[in-house]
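One structure follows; several queries about it will come next.
The values are calculated or read from the model by the stated rules, or taken from the named source; none is laboratory data. What you are looking at is a predicted structure, and each value in this text was computed from that prediction instead of being measured. Virtual Cβ from ideal backbone geometry, glycine too; neighbours counted across all protein chains shown.
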């Protein structure tokens, strides 16, 4: 989520944030104040709690910040927002949604709430999408943006500690190459992307004595400037400044965009690809590269370099609740291996970078090795196209932004080996911009769609403290053959809680978030059989076209039901889903939730729907859009990741997967790329 403004509201002269008319901004401001109005505090409230209820969105400058966030959207998305504001200005829409023929801004608070709730649950997909735009961004901003003292006024009530500033003496052991004019460089190999794939191949080639240049879309961030502030870290460290979604907003997409990529912001979960998935990949791809010893040797080599272990997998309270619930129900549970050392449960901010250097990301390991062996690294660099001459890769054309001046320069890197490792969203986009015509490029997108269900516990959970993921359950990994889901837990900081918590009314929303310290959340991570695709918009940027299939929705719904039972088995007082309609089950006075009550809640989950923007869904795993295979008619690359028909052009990231990995994919990517690197360095 993009947060850029100072805390004072600027004078509106003509267009707010450069693109909204004053009339449109007024509608937006009223909408934000409807979602987050000033409310009468409950009787007997403390001063802090009273302030929490009395603060409205305008007091925290939410509408201005939301408008500034949307300045980074393209013209098409901004046009859709103009249409939403026009709709909300129409008395007819108010008549249909709220029963009163007045413009939205002239309705009472009660009618405006009815209007927004009707939008959230409308049969019209565009209205549901519009509501989610308003609610998600305003909720994130309201609960995450700090004031000049580095503190959000809501944090005291939530018992959320403000992060300390970065250490002033932390070293920055990598010095990216400065580009201050239009430049042409030469190398043996140029690598686009620096995450789980790009980092590994950079090190392998650099240690083999090759001249390597790494191009990274994001910036260079490490212990010296990890602020751990959710409102700052999200736009700095995530793709599209943290606002990336599928084109219909049905899936919130989390993908790293910083030097080190997703390995810098992920939760250190380190699963090898399951044997049954490798066997499936071998059968479906026509390749004989997945079940032999070479890939297992690569997994072992990667695990050693990034220090995969279970010694740093002590459970925080939230992970322990998952263990307790599964154990009580007789479900499988186990400890997650993690690429971290000396964790000590000190923070809980893995998603914003590791302040202590405990996370063994490619930034700390493979990229540092590559840099120490002469690799040149360029950040804030957008790869525009791959250069191809006579069926041979010849380099990359890119643009580099100087953050100090804001100026952009053209960069050409000439190299006969080009490695595309920009992730399963941007790698196919780069190949498409480069004129490749293989129809499989961008297809077969897998996302491991996730939904969540939260338990409210009588004791403090603090879902933002401690190891992010250390426990999981595979009890339902094989609901249908090799397809099912994992149960895991996610971290939840105030902005994410504000974004994800369902809004049925202003009062209920604010009440529910006061439970934040007592909330424990379980995620249902499905191995998707359905798929989507990546296409290009008219600006050449990737579009995520993905709708969770009916097949996969059934598995996610099954997971929500089982996670509900695990929450109550672990001692939850109530369970709440993230549906747009109120979906909650409270523990009765008898303290025993009966099977009849569970079944009634199961029906409620199903009745309230698993469709687009009817329940919140997320993804942090993108796979499959340049998949490996023996046949160019059904795949993009061969067994080494070399693109069919273009010599010297390789793909080295999660795009390669023939289908979803079924596990958090970091180690799967690193192992596959390590194995491919042994071949690539013999060809450079």
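Where in the stretch 262-363 are there helices (runs of 4 or more DSSP H), lying wholly inside it, with at least 2 residues that are outside the structural domain of residue 570 (by TED's automatic domain parsing) and touching a helix residue (DSSP H, G or I) at 6+ places or on another chain (Cβ under 6 Å)?
293-305, 317-329
Take the stretch 605-654 and flag every residue that is surrounded by 24 or more Cβ atoms within 10 Å (Cβ to Cβ) and part of a strand (DSSP E or B).
Of everything in the stretch 605-654, those that are surrounded by 24 or more Cβ atoms within 10 Å (Cβ to Cβ) and part of a strand (DSSP E or B) turn out to be 615, 619, 623, 628, 637, 643, 649, 650, 651.
So the check is Cβ under 9 Å with 6+ separation or different chains; which pairs have a first residue in the stretch 179-194 that's under 11 Å from residue 215 (Cβ atoms) and outside the structural domain of residue 427 (by TED's automatic domain parsing) and a second one that's modelled with pLDDT under 95 and surrounded by fewer than 18 Cβ atoms within 10 Å (Cβ to Cβ)?
Cβ pairs passing all conditions: 179/402.
A further question follows. Here are some conditions: (1) more than 24 Å from residue 113 (Cα to Cα); (2) under 19 Å from the mean Cα position of the chain (by Cα). Residue 144 meets all but one. Which one does it not meet?
Unmet condition: (1).
Which one of these is buried (at least 23 other Cβ atoms within 10 Å of the Cβ) and more than 30 Å from residue 167 (Cβ to Cβ): 253, 192, 200? It would help to see each step written out before you state the result.
Details: 253 fails: buried (at least 23 other Cβ atoms within 10 Å of the Cβ); 200 fails: more than 30 Å from residue 167 (Cβ to Cβ).
Going through 253, 192, 200 in turn, the sole match is 192.
Turning to a different aspect of this structure: Condition check: surrounded by 17 or more Cβ atoms within 10 Å (Cβ to Cβ) and over 22 Å from the mean Cα position of the chain (by Cα). Does residue 383 satisfy that? Walk me through it before giving the result.
Values: surrounded by 17 or more Cβ atoms within 10 Å (Cβ to Cβ): yes; over 22 Å from the mean Cα position of the chain (by Cα): no.
For residue 383, the condition - surrounded by 17 or more Cβ atoms within 10 Å (Cβ to Cβ) and over 22 Å from the mean Cα position of the chain (by Cα) - is not met.
Confirm whether residue 458 is surrounded by fewer than 24 Cβ atoms within 10 Å (Cβ to Cβ), closer than 30 Å to residue 662 by Cβ and more than 24 Å from the chain's Cα centre (by Cα). Can you show your working first?
Working: surrounded by fewer than 24 Cβ atoms within 10 Å (Cβ to Cβ): yes; closer than 30 Å to residue 662 by Cβ: no; more than 24 Å from the chain's Cα centre (by Cα): yes.
For residue 458, the condition - surrounded by fewer than 24 Cβ atoms within 10 Å (Cβ to Cβ), closer than 30 Å to residue 662 by Cβ and more than 24 Å from the chain's Cα centre (by Cα) - is not met.
Let me ask something else about it. Within the stretch 655-666, identify whether any single residue is in contact (Cβ under 8 Å) with a residue 24 or more places away in the chain, assigned to a loop (DSSP other than H, G, I, E, B) and within 30 Å of residue 389 (Cα to Cα), and answer yes or no.
Checked the stretch 655-666: at least one residue is in contact (Cβ under 8 Å) with a residue 24 or more places away in the chain, assigned to a loop (DSSP other than H, G, I, E, B) and within 30 Å of residue 389 (Cα to Cα).
Look at residue 224 and say whether it is part of a loop (DSSP other than H, G, I, E, B) and either at pLDDT below 95 or over 27 Å from residue 621 (Cα atoms) (or both).
Details: part of a loop (DSSP other than H, G, I, E, B): yes; either at pLDDT below 95 or over 27 Å from residue 621 (Cα atoms) (or both): yes.
For residue 224, the condition - part of a loop (DSSP other than H, G, I, E, B) and either at pLDDT below 95 or over 27 Å from residue 621 (Cα atoms) (or both) - is met.
Which members of the stretch 36-49 meet the condition of being part of a helix (DSSP H, G or I) and over 14 Å from residue 511 (Cβ atoms)?
47, 48
Ok, one more. Starting from the stretch 606-625, take each residue that is without any contact (Cβ under 8 Å) to a residue 60 or more places away in the chain and list its partners that are part of a loop (DSSP other than H, G, I, E, B), counting only C-beta distances under 6 angstrom and pairs at least six apart or across chains.
That search, which allows pairs on different chains as well, returns 608/581; 608/583.
Another question about this same structure. For the stretch 71-128, give me every one of the helices (runs of 4 or more DSSP H) that falls completely inside it and has 2 or more residues that are farther than 22 Å from residue 509 by Cβ, at pLDDT 95 or above and out of contact with any strand residue (DSSP E or B) (no Cβ under 8 Å at 6 or more places or on another chain).
Output list reads 75-89, 91-98.
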